[in-house]
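Can you keep this structure in mind? I'll have questions shortly.
The values are calculated or read from the model by the stated rules, or taken from the named source; none is laboratory data. Small disclaimer: the values here were computed from a predicted structure and weren't measured. As a convention, Cβ positions derive from the backbone with ideal geometry for all residues, glycine included, and neighbour counts pool all protein chains shown.
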Amino acid sequence: MHSQHVAAEPPSNDVPGALWSPASGANRVPLTFDVIIAGCGPTGAMLAAELRLHDVRVLVLEKETEPKSFVRIVGLHIRSLELMAMRGLLDRILQHGRQRPAGGFFAAINKPAPKGLDSAHAYLLGIPQPVIERLLEEHAIELGAQVRRGCAVTGFEQDDEGVTVELAGGERLRSRYLVGCDGARSTVRKLLGVGFPGEPSRTETLMGEMEVGVPQAEITAKVAEIRETHQPFWLRPFGEGIYSVVVPAAGVSDRAEPPTLEDFQQQLRAIAGTDFGVHSPRWLSRFGDATRLAERYRVGRVLLAGDAAHIHPPIGGQGLNLGVQDAFNLGWKLAAQIRGWAPETLLDTYQAERHPVAGDVLDNTRAQMELLSTEPGPQAVRRLLTELMDFDEVNRHLIEKITAIGIRYDFGAGPDLLGRRLRDIDVKQGHLYGLLHRGRGLLLDRTERLTVGGWSDRVDHLADPTAALDVPCLLLRPDGHVAWIGDDQQDLDDHLSRWFGKPAD
Ligand SMILES: Cc1cc2nc3c(=O)[nH]c(=O)nc-3n(C[C@H](O)[C@H](O)[C@H](O)COP(=O)(O)OP(=O)(O)OC[C@H]3O[C@@H](n4cnc5c(N)ncnc54)[C@H](O)[C@@H]3O)c2cc1C
């Protein structure tokens, strides 16, 4: 079963020339699940949890028998921290990470974040990737998701009722939808035949975490000196005596072999004249700047999210954040489709909203990689941008981009807040985000005269004249984005229909 057939539903997602298979012998396999997710990385685990909030039957298939063992520390940016707060996970996650200032991430240009960033969580959390993956997987399992390890998806076939998924051992399982969260080399994307255009890798970089053998003061002085020569290099403390090290890979031996500590020592000596006594590496890796974006995120009943849909260099630390945010956008929409209340085009808004966001991340990583080049032209641009970042607006724009709090989805004409996420604000019951744990919509009503009527099974209503808002009333989607602003009941009903389908009788 290596080919796949494309279902007719919905018509807007038909692929010209693609095969369509009516329900066939394939569905002799019982339709046991609503959604099968390929891959239990951060994207797959987050999606499973979001679907479970709506009682969707979810199975996550993970090819590895054990969780990842490398200890790479990743940065969770502001928007991801907000998502965790919206689902009641933030306290748990904060216990395992280390808070750092939000600034200094764009092309590693060392500028502090502007004051007054519009968030209750205006910091970066450094946390080992396996820890965040474990916490998200535990959360999904607590909510009732099934996770099966040692199960690689090798094929699938879709028809008008569902998707039959084949595993490496030949076992077949059936669900109504399949989501490929199976990483950069996604089997699901390849079998789907979705194009993955972009650029191959041109520049290789070494990145790792290790301990150093010299005092911090010595490192600070040397790093400042090297910064003057604008080498693509950093050596930064990441907490508990661990340093994050980035050096160019040019000149390092065999590309096919994983880098060694000696490779890092050699590169450090070439750049800094000293290897800073680095030792005891936690992990060492080599990455390129391949940059690619899936042509589409959905074909019929099969969707893509996370690295399966987009890859880019890790500069700025955005990949995991982007994937988790894809999952947050998709979860409630796919759940609505399965529960039967989704408006006809709701599921398609996943691609409409998230594809341009990924395109923007790809572009900002392209720009950042250029700014790390040692060529005189890019270095002049780097100096200029460094000057420009002294202007608060420029610095703020770049930080809002990297941290994803600047995203505004296109919901049509309206006030600037429409389509943006709403920051956590004080409400009668405490914090707004504390009211979003169940993944439902929320009407925040300062007029105290509106109602969610027949949508009350999907949307909560908070009448609160004290809410710290400068609009009379707004409707939040389950992902915390502002779907409507106003004070008129008929207008509200139209927008409830747009996002939450028909009212219950
Ligand atoms: C050096 C480096 C540093 C980084 N730093 C950061 C950072 O600071 N911040 C940040 O946001 N991002 C960072 N990233 C990027 C981040 O690691 C990825 O974007 C993130 O892991 C993507 O998550 P994912 O769940 O989409 O995919 P993955 O993490 O790749 O997970 C995919 C899962 O699918 C499984 N799988 C694969 N094929 C199959 C199959 N056929 N069947 C079943 N299961 C399958 C895999 O085993 C894996 O568990 C960094 C990346 C690198 C290389």
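Would the range 127-144 turn up any residue that is under 21 Å from E62 (Cβ atoms) and assigned to a loop (DSSP other than H, G, I, E, B)?
The answer is yes, given that some residue of the range 127-144 is under 21 Å from E62 (Cβ atoms) and assigned to a loop (DSSP other than H, G, I, E, B).
Right, next: Just wondering, is there one or more residues in the range 407-418 that are in a strand (DSSP E or B), surrounded by fewer than 17 Cβ atoms within 10 Å (Cβ to Cβ), modelled with pLDDT of 95 or more and in contact with a strand residue (DSSP E or B) (Cβ under 7 Å, 6 or more places away or on another chain)?
Yes, some residue in the range 407-418 is in a strand (DSSP E or B), surrounded by fewer than 17 Cβ atoms within 10 Å (Cβ to Cβ), modelled with pLDDT of 95 or more and in contact with a strand residue (DSSP E or B) (Cβ under 7 Å, 6 or more places away or on another chain).
Which ones in the range 113-139 are within 16 Å of the ligand (Cβ to nearest atom), in contact (Cβ under 8 Å) with a residue 60 or more places away in the chain and not aliphatic (A, V, I, L, M)?
H121, G126, Q129, P130, E133, R134, E137, H139
Within the range 55-98, restricting attention to residues that are of a type in the set (D, E) and away from the ligand (no atom under 12 Å from the Cβ), which residue is nearest to H437 (Cα to Cα)?
Top of the filtered list is E82.
Going by the structure shown, is L372 hydrophobic (A, V, I, L, M, F, W, C), modelled with pLDDT under 95, touching a helix residue (DSSP H, G or I) at 6+ places or on another chain (Cβ under 8 Å) and buried (at least 17 other Cβ atoms within 10 Å of the Cβ)?
Judged against the criteria, L372 is a match.
I've got another one for you. Select from the range 84-99 the residues that are free of Cβ contacts under 8 Å to residues at least 60 places away in the same chain and part of a strand (DSSP E or B) and list them in ascending order.
In the first step, residues of the range 84-99 are kept if they are free of Cβ contacts under 8 Å to residues at least 60 places away in the same chain; the result is 84, 89-97, 99.
Scanning the range 84-99 gives a single hit, Q99.
Still on this structure, I have one more. Considering only residues of the range 332-346 that are within 23 Å of the chain's Cα centre (by Cα) and farther than 15 Å from R176 by Cβ, which is modelled with the lowest pLDDT?
Step by step, filter the range 332-346, then rank; the result is T345.
A further question on this structure: Just one of L81, L117, L124 is assigned to a loop (DSSP other than H, G, I, E, B) and closer than 24 Å to H481 by Cβ; which is it?
The unique qualifying residue is L117.
Here is a follow-up. Within the range 190-208, is even one residue farther than 26 Å from A309 by Cβ, in contact (Cβ under 8 Å) with a residue 12 or more places away in the chain and either within 12 Å of the ligand (Cβ to nearest atom) or in a loop (DSSP other than H, G, I, E, B) (or both)?
yes
When you scan the range 371-408, how many residues do you find that are among the charged types (D, E, K, R) and in contact with a Leu (Cβ under 7 Å, 6 or more places away or on another chain)?
The total comes to 1.
Looking at the range 88-135, which of its residues are closer than 22 Å to C40 by Cα and in contact with a Phe, Trp or Tyr (Cβ under 6 Å, 6 or more places away or on another chain)?
G126
Looking only at the range 30-53, count every residue that is touching a helix residue (DSSP H, G or I) at 6+ places or on another chain (Cβ under 8 Å) and over 14 Å from Y177 (Cβ atoms) and tell me the total.
Number of matching residues: 10.
While we're on this one: So for the range 214-230 (the condition being in contact (Cβ under 8 Å) with a residue 40 or more places away in the chain, part of a strand (DSSP E or B) and within 24 Å of S285 (Cα to Cα)), does at least one residue qualify?
The answer is no, given that none of the residues of the range 214-230 is in contact (Cβ under 8 Å) with a residue 40 or more places away in the chain, part of a strand (DSSP E or B) and within 24 Å of S285 (Cα to Cα).
So L469 fits all but one of (1) at pLDDT below 95; (2) in a strand (DSSP E or B); what number is the exception?
(2)
Taking the options R458, R421, name whichever one is in contact with a His (Cβ under 6 Å, 6 or more places away or on another chain) and closer than 14 Å to A483 by Cβ.
So the residue among R458, R421 that is in contact with a His (Cβ under 6 Å, 6 or more places away or on another chain) and closer than 14 Å to A483 by Cβ is R421.
Could you list, in sequence order, all residues of the range 471-489 that are closer than 20 Å to E82 by Cβ and among the acidic types (D, E)?
D479
Select, from V163, V56, V147, the only residue that is under 23 Å from R298 (Cβ atoms), in contact (Cβ under 8 Å) with a residue 40 or more places away in the chain and in contact with a helix residue (DSSP H, G or I) (Cβ under 8 Å, 6 or more places away or on another chain).
Checking each option against the conditions leaves just V56.
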